[in-house]
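Here is the structure we will look at.
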Amino acid sequence: MPPNKCINVENDVNVKAFLKLIRYAEHGREDDGVYYVLYGGKQTFTDTSKHPLEKPIMAWGRPSTAAGAYQIRNPTWKGAQAAGVAHDFIPASQDKVAIWLIRTKGALPLVLEGKVEDAIVILRPIWTSLPGASQSKMQMSEAKQLFSKYVTEYSGR
């Protein structure tokens, strides 16, 4: 697939499974409540009309504007808005921004093919909770097992 080909991949089983893997790596849980979590994991937000953090908040001794299921920072969000990816911060929009990031880093073909390990290597600078990244609590073997579990879940097998 050409890297700049714009295709609708939001319903692809491997993409959905990989997004859930990122959410789990970021939050350590599988529920949809992660779409409403602010940086640090102790606070939540309810207004999904825009990115919830204009100014950084402190957690773990560091400031950040990261928010939502994929801990998207405000500057990244503004870039996604400028690119026309999403206009609000509802869960579906957060998914679109995550897919946009995966696509712009060149990892989307790998995700579509189910090459989890290769995709993670490319994407761990963005999601530092992925295996091998600076804040990871997960081994690559666990990530691959979870991905397989989520593929089964989304494919209805």
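The values are calculated or read from the model by the stated rules, or taken from the named source; none is laboratory data. Note that the coordinates shown come from a computational prediction; the quantities given were computed from them, not determined experimentally. In this analysis, Cβ positions are derived from the backbone assuming ideal geometry, glycine residues included, and neighbour counts consider all displayed protein chains.
Mind listing whichever residues of the range 116-136 are out of contact with any Asp or Glu (no Cβ under 7 Å at 6 or more places or on another chain), part of a loop (DSSP other than H, G, I, E, B) and either surrounded by 16 or more Cβ atoms within 10 Å (Cβ to Cβ) or among the hydroxyl-bearing types (Ser, Thr, Tyr) (or both)?
Restricting attention to the range 116-136, the residues satisfying the condition of being out of contact with any Asp or Glu (no Cβ under 7 Å at 6 or more places or on another chain) are 116-126, 128, 130-136.
If we keep only those that are part of a loop (DSSP other than H, G, I, E, B) too, we end up with 124-126, 128, 130-136.
Answer for the range 116-136, where residues must be out of contact with any Asp or Glu (no Cβ under 7 Å at 6 or more places or on another chain), part of a loop (DSSP other than H, G, I, E, B) and either surrounded by 16 or more Cβ atoms within 10 Å (Cβ to Cβ) or among the hydroxyl-bearing types (Ser, Thr, Tyr) (or both): ARG124, ILE126, THR128, LEU130, PRO131, ALA133, SER134, SER136.
So for the range 137-154 (the condition being within 17 Å of GLY40 (Cβ to Cβ) and part of a loop (DSSP other than H, G, I, E, B)), does at least one residue qualify?
Yes - at least one qualifying residue is present in the range 137-154.
Considering only residues that are assigned to a strand (DSSP E or B) and either surrounded by fewer than 14 Cβ atoms within 10 Å (Cβ to Cβ) or modelled with pLDDT under 95 (or both), look in the range 28-57 and name the one that is nearest to the chain's Cα centre (by Cα). Give the derivation first.
Step one: filter the range 28-57 for residues assigned to a strand (DSSP E or B), giving 37-38, 44, 57.
The next check asks that each one be either surrounded by fewer than 14 Cβ atoms within 10 Å (Cβ to Cβ) or modelled with pLDDT under 95 (or both); those that pass are 44, 57.
Working: THR44: 17, ILE57: 20 Å.
My answer is THR44.
Suppose we filter ALA80, ALA17, ALA69, ALA25 for residues that are modelled with pLDDT of 95 or more, closer than 22 Å to LEU130 by Cα and part of a loop (DSSP other than H, G, I, E, B); which single one remains?
ALA69 is the lone residue from the list that is modelled with pLDDT of 95 or more, closer than 22 Å to LEU130 by Cα and part of a loop (DSSP other than H, G, I, E, B).
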